[in-house]
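Q: One structure follows; several queries about it will come next.
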Amino acid sequence: MNCFVRTEINGREDNEDSSHVFSLKPAFGALEIVVLAIADGMGGHAYGEQVSREVLRCTARTIFESLCCDPWINKGVPVEPVGSDRIMTVLKGACEQASLRVRLMVKANQWDKAGSTLTIAVVSGNEVVAANLGDSPLFHVSAAGMRKVTRDHTVASAMVKGGLIPAELERFHESRHSLEFFAGSLLMPRGEYTYSFSIAPDDLLLVCSDGVCGAQTIKELERSIGDRSGDLGAMADRLIKASSDSGESDNQTLILWRNAGSR
(Lines give C-alpha, C1' and ligand atoms only; values in the text may rest on other atoms or scores of the structure.)
Protein backbone atom coordinates (compact mmCIF):
# COMPACT_ATOMS: atom_id res chain seq x y z
CA MET A 1 0.00 0.00 0.00
CA ASN A 2 1.51 3.34 -1.02
CA CYS A 3 -1.08 5.65 0.58
CA PHE A 4 -2.42 5.99 4.12
CA VAL A 5 -4.99 8.42 5.53
CA ARG A 6 -5.75 9.02 9.21
CA THR A 7 -7.82 11.53 11.14
CA GLU A 8 -8.35 12.10 14.87
CA ILE A 9 -10.78 14.45 16.63
CA ASN A 10 -8.18 14.83 19.40
CA GLY A 11 -9.20 17.36 22.07
CA ARG A 12 -12.06 18.96 20.13
CA GLU A 13 -15.77 18.12 20.18
CA ASP A 14 -16.05 17.87 16.39
CA ASN A 15 -13.74 17.15 13.48
CA GLU A 16 -13.50 20.15 11.16
CA ASP A 17 -10.84 18.46 8.98
CA SER A 18 -11.67 16.76 5.69
CA SER A 19 -9.44 14.76 3.35
CA HIS A 20 -9.76 13.40 -0.18
CA VAL A 21 -7.51 11.03 -2.12
CA PHE A 22 -8.37 9.95 -5.65
CA SER A 23 -6.83 9.16 -9.01
CA LEU A 24 -8.01 9.87 -12.53
CA LYS A 25 -6.98 9.58 -16.15
CA PRO A 26 -7.64 12.79 -18.07
CA ALA A 27 -8.48 10.75 -21.19
CA PHE A 28 -8.39 7.19 -22.47
CA GLY A 29 -4.79 6.04 -22.61
CA ALA A 30 -3.47 8.98 -20.60
CA LEU A 31 -1.11 8.75 -17.64
CA GLU A 32 -2.90 8.34 -14.30
CA ILE A 33 -2.87 11.36 -12.02
CA VAL A 34 -3.07 11.11 -8.21
CA VAL A 35 -4.70 13.88 -6.17
CA LEU A 36 -4.11 14.35 -2.42
CA ALA A 37 -6.14 17.08 -0.69
CA ILE A 38 -6.84 18.31 2.84
CA ALA A 39 -9.12 21.07 4.11
CA ASP A 40 -9.31 22.31 7.69
CA GLY A 41 -12.41 24.29 8.67
CA MET A 42 -11.22 27.38 10.45
CA GLY A 43 -11.24 27.05 14.22
CA GLY A 44 -13.72 29.28 16.00
CA HIS A 45 -15.87 29.73 12.91
CA ALA A 46 -19.28 28.08 12.66
CA TYR A 47 -19.93 25.20 10.30
CA GLY A 48 -16.25 24.29 9.88
CA GLU A 49 -16.97 20.64 9.05
CA GLN A 50 -19.53 21.53 6.37
CA VAL A 51 -17.21 24.08 4.82
CA SER A 52 -14.14 21.82 4.68
CA ARG A 53 -16.16 19.02 3.03
CA GLU A 54 -17.66 21.37 0.47
CA VAL A 55 -14.25 22.87 -0.29
CA LEU A 56 -12.94 19.41 -1.24
CA ARG A 57 -16.09 18.58 -3.24
CA CYS A 58 -15.69 21.80 -5.21
CA THR A 59 -11.97 21.15 -5.70
CA ALA A 60 -12.56 17.64 -7.05
CA ARG A 61 -15.23 18.86 -9.47
CA THR A 62 -13.00 21.63 -10.78
CA ILE A 63 -10.04 19.30 -11.30
CA PHE A 64 -12.16 16.66 -13.05
CA GLU A 65 -13.94 19.12 -15.32
CA SER A 66 -10.74 21.02 -16.16
CA LEU A 67 -8.55 17.98 -16.83
CA CYS A 68 -10.99 15.30 -17.99
CA CYS A 69 -13.94 17.10 -19.60
CA ASP A 70 -13.14 20.50 -21.08
CA PRO A 71 -9.99 19.55 -23.06
CA TRP A 72 -11.13 16.15 -24.37
CA ILE A 73 -14.83 16.18 -25.15
CA ASN A 74 -15.18 15.48 -28.90
CA LYS A 75 -11.42 14.91 -29.15
CA GLY A 76 -9.74 11.75 -30.37
CA VAL A 77 -7.07 9.56 -28.79
CA PRO A 78 -4.22 9.00 -28.09
CA VAL A 79 -3.51 12.12 -26.04
CA GLU A 80 -0.44 13.99 -24.93
CA PRO A 81 0.48 13.86 -21.21
CA VAL A 82 -0.96 16.69 -19.15
CA GLY A 83 1.92 19.05 -18.41
CA SER A 84 2.81 20.68 -15.10
CA ASP A 85 1.90 24.15 -16.40
CA ARG A 86 -1.61 22.98 -17.24
CA ILE A 87 -2.04 21.32 -13.85
CA MET A 88 -0.83 24.46 -12.07
CA THR A 89 -3.38 26.56 -13.96
CA VAL A 90 -6.09 24.07 -12.98
CA LEU A 91 -5.09 24.18 -9.30
CA LYS A 92 -5.19 27.96 -9.27
CA GLY A 93 -8.69 27.73 -10.69
CA ALA A 94 -9.64 25.11 -8.09
CA CYS A 95 -8.50 27.38 -5.25
CA GLU A 96 -10.42 30.32 -6.69
CA GLN A 97 -13.58 28.25 -7.20
CA ALA A 98 -13.38 26.79 -3.70
CA SER A 99 -12.97 30.26 -2.22
CA LEU A 100 -15.94 31.55 -4.20
CA ARG A 101 -18.01 28.55 -3.12
CA VAL A 102 -17.37 29.30 0.55
CA ARG A 103 -18.35 32.94 0.12
CA LEU A 104 -21.60 31.84 -1.57
CA MET A 105 -22.27 29.43 1.31
CA VAL A 106 -21.79 32.23 3.81
CA LYS A 107 -24.15 34.50 1.90
CA ALA A 108 -26.83 31.86 1.24
CA ASN A 109 -26.91 30.68 4.86
CA GLN A 110 -26.54 34.18 6.31
CA TRP A 111 -23.55 33.07 8.36
CA ASP A 112 -21.37 35.66 10.00
CA LYS A 113 -18.22 34.18 8.46
CA ALA A 114 -16.68 30.83 7.59
CA GLY A 115 -13.56 29.51 5.91
CA SER A 116 -11.20 26.63 5.44
CA THR A 117 -7.61 25.90 4.59
CA LEU A 118 -7.01 23.98 1.35
CA THR A 119 -3.93 22.07 0.25
CA ILE A 120 -3.81 20.04 -2.97
CA ALA A 121 -0.95 17.93 -4.31
CA VAL A 122 -1.26 16.43 -7.80
CA VAL A 123 1.20 13.69 -8.77
CA SER A 124 1.77 13.01 -12.46
CA GLY A 125 4.58 10.53 -13.09
CA ASN A 126 7.57 11.82 -11.15
CA GLU A 127 6.32 15.40 -11.02
CA VAL A 128 4.28 17.05 -8.26
CA VAL A 129 2.26 20.23 -8.65
CA ALA A 130 0.68 21.69 -5.53
CA ALA A 131 -1.31 24.65 -4.27
CA ASN A 132 -2.39 25.82 -0.83
CA LEU A 133 -4.44 28.41 1.00
CA GLY A 134 -3.92 28.72 4.74
CA ASP A 135 -1.67 26.67 6.98
CA SER A 136 -2.23 22.98 6.14
CA PRO A 137 1.25 22.09 4.88
CA LEU A 138 2.72 19.75 2.30
CA PHE A 139 6.05 18.07 3.11
CA HIS A 140 8.40 16.19 0.77
CA VAL A 141 10.56 13.44 2.25
CA SER A 142 13.47 12.29 0.07
CA ALA A 143 16.90 10.74 0.49
CA ALA A 144 18.12 14.26 1.30
CA GLY A 145 15.71 14.58 4.22
CA MET A 146 12.40 16.30 4.91
CA ARG A 147 11.43 19.74 3.65
CA LYS A 148 8.32 21.85 3.86
CA VAL A 149 7.06 22.68 0.37
CA THR A 150 4.23 25.09 1.10
CA ARG A 151 4.24 28.49 2.75
CA ASP A 152 1.79 29.12 5.60
CA HIS A 153 -0.51 32.05 4.95
CA THR A 154 -0.59 33.23 8.55
CA VAL A 155 0.06 36.61 10.09
CA ALA A 156 3.05 35.14 11.93
CA SER A 157 4.51 33.81 8.66
CA ALA A 158 4.08 37.23 7.06
CA MET A 159 5.90 38.77 10.01
CA VAL A 160 8.81 36.37 9.51
CA LYS A 161 8.92 37.20 5.80
CA GLY A 162 8.89 40.90 6.61
CA GLY A 163 11.74 40.52 9.10
CA LEU A 164 9.61 41.50 12.09
CA ILE A 165 10.19 38.27 14.03
CA PRO A 166 12.82 35.51 13.68
CA ALA A 167 11.74 32.28 11.98
CA GLU A 168 12.29 30.20 15.11
CA LEU A 169 9.56 32.16 16.92
CA GLU A 170 6.90 31.67 14.26
CA ARG A 171 5.34 28.53 15.73
CA PHE A 172 5.06 30.19 19.17
CA HIS A 173 3.72 33.58 18.08
CA GLU A 174 0.20 34.59 19.11
CA SER A 175 -0.68 35.23 15.43
CA ARG A 176 0.40 31.77 14.23
CA HIS A 177 -3.23 30.69 13.74
CA SER A 178 -4.50 33.94 12.23
CA LEU A 179 -4.84 33.36 8.49
CA GLU A 180 -4.13 35.97 5.82
CA PHE A 181 -5.50 33.82 3.00
CA PHE A 182 -7.90 30.86 3.05
CA ALA A 183 -10.75 29.33 1.09
CA GLY A 184 -13.40 31.98 1.57
CA SER A 185 -11.17 35.04 1.77
CA LEU A 186 -11.71 37.85 -0.73
CA LEU A 187 -8.12 37.92 -1.99
CA MET A 188 -5.70 35.26 -3.25
CA PRO A 189 -1.98 35.23 -2.43
CA ARG A 190 0.28 36.92 -4.97
CA GLY A 191 2.28 34.09 -6.53
CA GLU A 192 2.92 32.37 -3.21
CA TYR A 193 0.55 29.44 -3.27
CA THR A 194 1.59 27.18 -6.16
CA TYR A 195 4.60 24.86 -6.30
CA SER A 196 6.15 22.23 -8.57
CA PHE A 197 8.97 19.77 -7.98
CA SER A 198 10.26 16.35 -8.95
CA ILE A 199 10.17 13.19 -6.85
CA ALA A 200 12.20 10.01 -6.92
CA PRO A 201 11.12 6.41 -6.22
CA ASP A 202 10.37 5.84 -2.50
CA ASP A 203 9.98 9.57 -1.83
CA LEU A 204 7.12 10.44 0.52
CA LEU A 205 4.54 13.21 0.48
CA LEU A 206 2.89 14.25 3.74
CA VAL A 207 -0.17 16.50 3.59
CA CYS A 208 -1.62 17.35 6.99
CA SER A 209 -3.65 19.76 9.05
CA ASP A 210 -1.76 21.97 11.49
CA GLY A 211 -2.96 19.75 14.34
CA VAL A 212 -0.32 17.25 13.22
CA CYS A 213 2.63 19.56 12.70
CA GLY A 214 1.90 22.93 14.30
CA ALA A 215 3.71 22.28 17.57
CA GLN A 216 6.72 20.45 16.08
CA THR A 217 9.86 21.32 14.19
CA ILE A 218 10.86 19.75 10.88
CA LYS A 219 13.48 17.69 12.70
CA GLU A 220 10.89 16.37 15.14
CA LEU A 221 8.55 15.44 12.30
CA GLU A 222 11.41 13.78 10.47
CA ARG A 223 12.20 11.63 13.52
CA SER A 224 8.57 10.50 13.63
CA ILE A 225 8.68 9.58 9.94
CA GLY A 226 11.82 7.50 10.46
CA ASP A 227 12.82 5.25 7.57
CA ARG A 228 10.89 6.52 4.54
CA SER A 229 10.58 2.98 3.22
CA GLY A 230 8.83 1.84 6.42
CA ASP A 231 5.16 1.14 7.09
CA LEU A 232 3.00 4.19 6.43
CA GLY A 233 0.49 3.28 9.14
CA ALA A 234 3.25 3.12 11.74
CA MET A 235 4.55 6.50 10.56
CA ALA A 236 1.07 7.96 10.98
CA ASP A 237 0.82 6.53 14.50
CA ARG A 238 4.14 8.12 15.47
CA LEU A 239 3.21 11.50 13.96
CA ILE A 240 -0.15 11.60 15.75
CA LYS A 241 1.36 10.48 19.06
CA ALA A 242 4.18 13.02 18.87
CA SER A 243 1.66 15.77 18.20
CA SER A 244 -0.54 14.71 21.11
CA ASP A 245 2.47 14.40 23.42
CA SER A 246 3.44 17.98 22.54
CA GLY A 247 0.11 19.17 23.93
CA GLU A 248 -1.70 19.70 20.63
CA SER A 249 -5.50 19.65 21.05
CA ASP A 250 -6.63 20.48 17.49
CA ASN A 251 -8.03 17.94 15.01
CA GLN A 252 -5.30 15.83 13.41
CA THR A 253 -5.57 14.67 9.81
CA LEU A 254 -2.82 13.41 7.54
CA ILE A 255 -2.23 11.80 4.17
CA LEU A 256 0.99 9.86 3.62
CA TRP A 257 1.78 8.87 0.03
CA ARG A 258 4.84 7.00 -1.26
CA ASN A 259 6.10 7.19 -4.83
CA ALA A 260 6.16 3.61 -6.09
CA GLY A 261 7.53 4.62 -9.49
CA SER A 262 10.18 2.61 -11.33
CA ARG A 263 13.73 2.93 -10.09
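The values are calculated or read from the model by the stated rules, or taken from the named source; none is laboratory data. Not measured: the values here are computed from a predicted model. Virtual Cβ from ideal backbone geometry, glycine too; neighbours counted across all protein chains shown.
Q: Given the conditions (1) part of a strand (DSSP E or B); (2) more than 24 Å from LEU205 (Cα to Cα), report the number of the one that SER23 does not fulfil.
A: (2)
Q: Do you know which residues across region 130-149 are within 15 Å of the chain's Cα centre (by Cα) and either outside any strand (DSSP E or B) or of a type in the set (Gly, Ala, Ser) (or both)?
A: ALA130, ALA131, GLY134, ASP135, SER136, PRO137, VAL149
Q: Can you tell me which residue is nearest to the chain's Cα centre (by Cα) among those in region 230-250 that are in a loop (DSSP other than H, G, I, E, B) and modelled with pLDDT under 90?
A: In the first step, residues of region 230-250 are kept if they are in a loop (DSSP other than H, G, I, E, B); the result is 230-231, 246-250.
If we keep only those that are modelled with pLDDT under 90 as well, we get 246-250.
Working: SER246: 22, GLY247: 23, GLU248: 19, SER249: 20, ASP250: 17 Å.
By that ranking, first place goes to ASP250.
Q: So which of GLU49, GLU8, GLU54 is within 23 Å of PHE139 (Cβ to Cβ) and of a type in the set (D, E, K, R)? Please lay out each step first, then the result.
A: On the way: GLU49 fails: within 23 Å of PHE139 (Cβ to Cβ); GLU54 fails: within 23 Å of PHE139 (Cβ to Cβ).
None of the other options fit; the residue is GLU8.
Q: Going through ALA60, ALA114 one at a time, which residue ends up being aliphatic (A, V, I, L, M) and part of a loop (DSSP other than H, G, I, E, B)?
A: On the way: ALA60 fails: part of a loop (DSSP other than H, G, I, E, B).
After ruling out the rest, the residue left standing is ALA114.
Q: Now for a separate question. Select, from VAL35, VAL55, the only residue that is β-branched (Val, Ile, Thr), closer than 19 Å to CYS208 by Cβ and assigned to a helix (DSSP H, G or I). Give the steps one after another, and end with the answer.
A: Working: VAL35 fails: assigned to a helix (DSSP H, G or I).
So the residue among VAL35, VAL55 that is β-branched (Val, Ile, Thr), closer than 19 Å to CYS208 by Cβ and assigned to a helix (DSSP H, G or I) is VAL55.
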